[in-house]
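The values are calculated or read from the model by the stated rules, or taken from the named source; none is laboratory data. No experiment lies behind these values; they were computed from the predicted model shown. Reconstructed Cβ throughout: ideal geometry from the backbone, glycine too, with neighbour counts over all protein chains shown. SASA here: full protein model, heavy atoms, side chains in, ligands and nucleic acids out. Shrake-Rupley method; radii C 1.70, N 1.55, O 1.52, S 1.80 Å.
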Amino acid sequence: GENVEQHPSTLSVQEGDSAVIKCTYSDSASNYFPWYKQELGKGPQLIIDIRSNVGEKKDQRIAVTLNKTAKHFSLHITETQPEDSAVYFCAAGDTGRRALTFGSGTRLQVQP
Amino acid sequence: GAGVSQSPSNKVTEKGKDVELRCDPISGHTALYWYRQSLGQGLEFLIYFQGNSAPDKSGLPSDRFSAERTGGSVSTLTIQRTQQEDSAVYLCASSLDRGNYEQYFGPGTRLTVT
């Protein structure tokens with residue numbers, strides 16, 4: 001089955017700096033890669049996703065890149081703000097496997 | 001519009017008791033998923049419902065776990081004879097249809113087995 005690895009497990013940055021979280025996956029059939037943000041006591045919130053027919057997608061301060069050959073994808077957050085502090089999860093899915101396989105999460109702390 | 005809702009938000013039960021967790025998906029969403037999140041861990045898939053199709057139960061950890069979805073909407077996850085290792089946050093998600101991957105999560109039910 002699919003295996004998703006996520007790094008780093010914790011990340012601390014200064015406000016205004018950029019943050020990068022990386023994930024690798026094992027199943028070449030995976031074609032959908034979402035990123036979720038989870039705040040304490042809440043469910044995961046979908047923040048951005050990318051499908052295998054594109055290499056990069058941006059939405060304001062966040063962007064996701066995908067390298068299908070290397071089987072890795074990354075989340076980039078620019079101009080970080082304290083409210084970006086949360087746990088971020090990457091995931092992978094495909095048309096035949098409806099359920100997503102999640103990474104283990106990255107705790108991002110933005111220092112004011 | 002209203003998001004995915006789950007109840008109860010917290011449940012404390014004694015080892016050996018049965019528990020039922022409820023999920024109300026987003027109106028119109030035909031796909032529904034249950035995941036489990038242990039403390040400090042990622043999300044583990046449990047079960048998936050799509051319309052009237054047979055559910056995908058491949059993630060259920062034991063036969064003590066079961067789920068049903070009535071009328072294609074509300075779902076109930078049942079854990080029988082709870083064990084301490086069942087303590088976790090149980091998350092429900094829904095998506096529009098089988099061709100639409102975006103899954104939207106509820107706030108979860110925190111289950112504590114004492």
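Averaged over peptide B:84-95, how many Cβ atoms belonging to another chain are found within 10 Å of each residue's Cβ? Write out the running numbers ahead of the final one.
Numbers: counts 0, 0, 0, 0, 0, 2, 0, 3, 1, 6, 0, 1.
Partner Cβ neighbours, averaged per residue: 1.
Could you state the orientation-averaged shadow area of the convex hull built on the Cα atoms of chain B, in nm² to one decimal?
With every direction weighted equally, the projected area is 6.8 nm².
If you restrict to DSSP beta bridges whose two residues both lie in chain A, what percentage is antiparallel, to the nearest 5?
Details: 37 of 42 bridges.
Counting DSSP beta bridges with both partners in chain A, the antiparallel share is about 90 percent.
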Rounded to the nearest 10 Å², the accessible area of A:His7 at probe 1.4 Å: 110 Å²
Counting other C-beta atoms within 10 Å, and keeping those with at most 11, which DSSP coil GluC sites (Glu not before Pro) do you find in region B:1-69? B:Glu14
Region A:91-112: which residues show an accessible-area loss of 50 Å² or more, assembly versus chain alone, 1.4 Å probe? A:Arg98, A:Ala99, A:Phe102
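How well do other chains shield peptide B:103-111, expressed as the mean number of their Cβ atoms within 10 Å of each residue Cβ?
Numbers: counts 10, 4, 7, 3, 3, 5, 0, 1, 0.
If you average over the peptide's residues, the count of other-chain Cβ atoms is 4.
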Run a plain Debye calculation on region A:1-44 (Cα atoms as equal point scatterers, no solvent) and give log10 I(q)/I(0) at q = 0.15, 0.20, 0.26 Å⁻¹, rounded to two decimals, same order as the q list. -0.56, -0.88, -1.11
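So what's the projected area for the protein assembly as shown, the Cα convex hull averaged over all directions, in nm²? Present the calculation step by step, with values, prior to reporting the outcome.
On the way: hull surface 49.6 nm².
So the Cα hull casts an average projection of 12.4 nm².
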Which is farthest toward the positive dipole end of the protein assembly as shown among B:Leu96, A:Asn3, B:Gln80, measuring Cα position about the Cα centre, with Cβ charges +1 (Lys, Arg) and -1 (Asp, Glu)? B:Gln80
Expressed as a percent, the accessible surface of the protein assembly as shown that is carbon or sulfur, using a 1.4 Å probe and the full set of protein chains, is 45 percent
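Quick one: accessible area per residue over chain B, 1.4 Å probe, rounded to a whole number of Å²? Present the calculation step by step, with values, prior to reporting the outcome.
On the way: 5510 Å² over 114 residues.
For chain B, the per-residue accessible area is 48 Å².
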Selection of trypsin sites (Lys or Arg not before Pro), region B:28-114, meeting DSSP coil and at most 15 other Cβ within 10 Å: B:Lys57, B:Arg64, B:Arg81, B:Arg98
Just the number please: accessible area per residue for chain A, 1.4 Å probe, all protein chains included, in Å². 48 Å²
Hey, got the dipole for region B:6-78? About the Cα centre, +1 on K and R Cβ, -1 on D and E Cβ, debye to the nearest 20? 120 debye
Let me have the relative contact order for chain B, percent, based on Cα pairs under 8 Å that are six or more residues apart. 38 percent
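Could you compute how fast region B:1-45 diffuses translationally, taking Rh as the Kirkwood radius over C-alpha pairs and applying Stokes-Einstein at 25 °C with viscosity 0.890 mPa s? Give it in µm² per second. Before the final figure, lay out each step's value.
On the way: Rh = 12.8 Å.
Once the numbers are plugged in, D ends up at 191 µm²/s.
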Could you give the size of the charge dipole of region A:2-112 about its Cα centre, using +1 on the Cβ of each K and R and -1 on the Cβ of each D and E, expressed in debye and rounded to the nearest 20? 340 debye
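Return the loop-located chymotrypsin sites (Phe, Trp or Tyr not before Pro) in region A:56-112 (DSSP other than H, G, I, E, B) with at most 14 other Cβ atoms within 10 Å of their own Cβ; answer none if there are none.
Listed in order of number, the matching sites amount to none.
Need one number: buried accessible surface between chains A and B, 1.4 Å probe, both sides summed, DNA, RNA and ligands left out, in Å² to 100.
1500 Å²
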